[in-house]
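The values are calculated or read from the model by the stated rules, or taken from the named source; none is laboratory data. Just so you know, these numbers come straight off a predicted model, no measurement behind them. We place every Cβ from the backbone using ideal geometry, glycine too, and count neighbours over all the protein chains shown.
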Amino acid sequence: GNSVTQMEGPVTLSEEAFLTINCTYTATGYPSLFWYVQYPGEGLQLLLKATKADDKGSNKGFEATYRKETTSFHLEKGSVQVSDSAVYFCALSVTNAGKSTFGDGTTLTVKP
Amino acid sequence: DTGVSQNPRHKITKRGQNVTFRCDPISEHNRLYWYRQTLGQGPEFLTYFQNEAQLEKSRLLSDRFSAERPKGSFSTLEIQRTEQGDSAMYLCASSQPGTGNTIYFGEGSWLTVV
């Protein structure tokens, strides 16, 4: 079956620090990969995505590269801000993006 | 584009009561999805519709759960004889095929069963 494993949190960083949140996956077929962000009390928002190997998704300073050889899609940001504090979910979809498999989420807290 | 709308946002109910949640997808989206999310976990897929047809249901969707999308627009998720284990956030999402596999989530409906 399909599964997503995320780096356990919580993660606490100082403002302007470098962020990495690890994500690895197992999947049948060739999945599309996603990162979603969830702010307190809100639903999930798509942050970035990649649909094939070696693709890099990027948005709002966040980046992730689809690595088929290591089955990974790690999220990175060079300089985090307090406003980046949220829960981040890695997800995959093999067929229909609406039928996604999610990781358990990583809570990021950025302190000024 | 007003986004995916869900209501009520919060519902507290006594065990054994029935509850219904409504989802209004983005207007041109023909696919609609329901997920459940419990604290500390990622969303889990429950079911999805293409237009008014319910194409797939997860085994997580017990007989007490029923979802409908009668006219291919809004959808309802009903939980009958609620149990404490049903306490969770119920998320709705929608998509339009051909938009790069992107789905858009609503803000969710929190259910607390006491």
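A few points about this structure:
- Among residues of region B:1-60, those that are out of contact with any Phe, Trp or Tyr (no Cβ under 7 Å at 6 or more places or on another chain), hydroxyl-bearing (S, T, Y) and assigned to a loop (DSSP other than H, G, I, E, B), counted: 3
- Condition check for B:I103: in contact (Cβ under 8 Å) with a residue 12 or more places away in the chain, among the hydrophobic types (A, V, I, L, M, F, W, C) and farther than 30 Å from A:M7 by Cα: no
- Residue match in region B:41-51 (condition: in contact (Cβ under 8 Å) with a residue 60 or more places away in the chain and over 14 Å from the mean Cα position of the chain (by Cα)): no
- Considering residues of region A:38-48 that are surrounded by 13 or more Cβ atoms within 10 Å (Cβ to Cβ) and modelled with pLDDT under 90 only, the residue farthest from the chain's Cα centre (by Cα): A:E42
- Test: residue in region B:54-63 that is within 14 Å of another protein chain (Cβ to nearest Cβ), more than 11 Å from the chain's Cα centre (by Cα) and over 16 Å from B:Y35 (Cα atoms): no
- Residue selected from region A:49-64 under the condition modelled with pLDDT of 95 or more and in contact with a Gly (Cβ under 8 Å, 6 or more places away or on another chain), by the criterion surrounded by the fewest Cβ atoms within 10 Å (Cβ to Cβ): A:G61
- Hits in region A:1-16 (condition: away from every other protein chain (no Cβ under 13 Å) and either among the basic types (K, R) or assigned to a strand (DSSP E or B) (or both)): A:V11, A:T12, A:L13, A:S14
- Selection within region B:79-108 - surrounded by 14 or more Cβ atoms within 10 Å (Cβ to Cβ) and more than 10 Å from chain A (Cβ to nearest Cβ): B:I79, B:Q80, B:T82, B:D86, B:S87, B:A88, B:Y90, B:Q96
- Taken together, the residues in region A:71-112 that are within 14 Å of chain B (Cβ to nearest Cβ), closer than 21 Å to A:D54 by Cβ and either under 12 Å from the mean Cα position of the chain (by Cα) or without any contact (Cβ under 8 Å) to a residue 12 or more places away in the chain (or both) amount to 3.
- Candidate set from region B:10-35 (those that are away from chain A (no Cβ under 11 Å) and within 30 Å of A:G9 (Cα to Cα)); member that is surrounded by the fewest Cβ atoms within 10 Å (Cβ to Cβ): B:I12
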